[in-house]
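Peer 1: Handing you this structure, nothing more for now.
The values are calculated or read from the model by the stated rules, or taken from the named source; none is laboratory data. Every value quoted in this text rests on a predicted model; they were computed, and no experiment measured them. Cβ: placed from backbone, ideal geometry, glycine included. Neighbour counts: every protein chain shown.
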Amino acid sequence: MGKYKKKPVVIEAMQFLDANKNEVFDFVTCARTGTFERSMSQMRIETLEGPMLANLGDWIIKGVQGEFYPCKPLIFEATYDRVDDDTPLGEVSKESTMLVEKTTNETL
């Protein structure tokens, strides 16, 4: 058995909020199918592992293979730091894990 460290790469993500739910939906459906659930307070996202529900406040992450998946805010905050918007996507960073946030709303 060996020990492994997650490679720090730059990704795109948006926080799913009531104020930007249509923009988040457009972000997710650019490559995959997503649907709103329960009066648009949840979004069903087709992930590589199957369908998952994102709730308002969750972050939607676009992975390195173009896949989308939801992430709870506390996990997101513990895992990602914001980087400059001109940092190339997929770039392996010298710092720990990094993020390119695609939304103008920086509220966590």
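Peer 1: Scan region 54-64 residue by residue and report those that are part of a loop (DSSP other than H, G, I, E, B) and under 10 Å from the mean Cα position of the chain (by Cα).
Peer 2: At the first step, the residues of region 54-64 found to be part of a loop (DSSP other than H, G, I, E, B) are 56-58, 63-64.
Listed by number, the residues that qualify are D58, G63.
Peer 1: Which condition number in (1) at pLDDT 65 or above; (2) within 13 Å of the chain's Cα centre (by Cα) is the one that M98 fails?
Peer 2: Result: M98 fails condition (1) only.
Peer 1: Could you look through region 65-89, keep only residues that are surrounded by 12 or more Cβ atoms within 10 Å (Cβ to Cβ) and assigned to a loop (DSSP other than H, G, I, E, B), and pick out the one that is modelled with the highest pLDDT?
Peer 2: Per the stated criteria, the residue is K72.
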